[in-house]
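The structure appears below as structure tokens.
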Amino acid sequence: LKANYITNYNIFTLGPSGSGKSFITNELVMQAYYRDNAHCVIIDKGDSYRPLCNIIRETTNGEDGIYFNGEEYPFSFNPFVDADPDDQNSISFLTSLMLSIWGDKNLSEAVITKLTQSITAYLKSDYPRSINGFYDFFFNSYLTEQWINLKNIEFRVHDFETALSLFTKDGLYKDLLNSQVNSNLKDKRFILFEIDGISDNKKLFPIVTLLITQVFADKMKAF
């Protein structure tokens, strides 16, 4: 930087297998965490950073070193907890999340607008902040009040409920968006997402990627 070869602190590491890319990155991340008190978020395939994560977990008595791999340590988020009904970024993100869960790429603008309105109304309600809370609000309260309008714009309620049910109650991915323990990820200084186990899951991978992006965005806004 001082020699004007670079204009920021980004690092690009290139090398064949076994050349030490992960070794040097582990060293840089460890220095950043312990020496500079940095917040470190790692997305990895290959589990190269799990030993470092274990070290940090031990030295912080389990307070830090958060590890997800989708298997024995399931991905667990709750993007609803800190969402602000008056913040357009919060509403836009949750709308994108719901659209990703729904998976229908042919929705009209009217349907998307109605979905956005339902999210805003939910965040202003007394329902619990979780995907379960949104599900209960939408199908037990909002849907009843807005039924005529929903029919007029051909909001395919059954399709939406089927898609959402995978992530609620007893659904296959019921733990993904109902976390209580890990809702404060923005306060953790070391988080490791090992995505090997879900990289081939066409349903789960894009949603987890979106949630990881939001974790990073939340840290950028906070710090």
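The values are calculated or read from the model by the stated rules, or taken from the named source; none is laboratory data. Here the structure is a predicted model, which is why all the values come from computation and not from measurement. So basically every Cβ, Gly included, is an ideal-geometry build from the backbone, and we count neighbours across all protein chains shown. Note: accessible area is taken over every heavy atom of the protein model, side chains too, but ligands, DNA and RNA are not part of it. Shrake-Rupley method; radii C 1.70, N 1.55, O 1.52, S 1.80 Å.
The condition (being closer than 30 Å to R50 by Cα and in contact with a Ser or Thr (Cβ under 7 Å, 6 or more places away or on another chain)) is satisfied by just one residue among L176, L211, L166: L176.
If the requirement is being open to solvent by less than 60 Å² (accessible area, probe 1.4 Å), touching a residue at least 24 places away in the same chain (Cβ under 8 Å), of a type in the set (G, A, S) and out of contact with any Gly (no Cβ under 9 Å at 6 or more places or on another chain), which of these qualifies: G15, G70, G20, G65? Answer to the selection: G65. Listed by position, the helices (runs of 4 or more DSSP H) contained in the stretch 131-223 that have at least 1 residues being open to solvent by 20 Å² or more (accessible area, probe 1.4 Å) and among the acidic types (D, E) are 131-137, 157-165, 204-222. Taken across the stretch 88-102, residues that are open to solvent by less than 70 Å² (accessible area, probe 1.4 Å) and part of a loop (DSSP other than H, G, I, E, B) do not occur at all. Going by the structure shown, is D36 open to solvent by less than 90 Å² (accessible area, probe 1.4 Å) and under 26 Å from L210 (Cα atoms)? For D36, the condition - open to solvent by less than 90 Å² (accessible area, probe 1.4 Å) and under 26 Å from L210 (Cα atoms) - is not met. For the stretch 25-42, the candidate set comprises residues that are assigned to a helix (DSSP H, G or I) and among the β-branched types (V, I, T); within that set, the residue that is nearest to the chain's Cα centre (by Cα) is V29.
Residue selection: G133 fails the criterion of being of a type outside the set (K, R) and on the phi > 0 side of the Ramachandran plot. In the stretch 98-105 there is no residue that is under 21 Å from K186 (Cα atoms) and more than 14 Å from the chain's Cα centre (by Cα).
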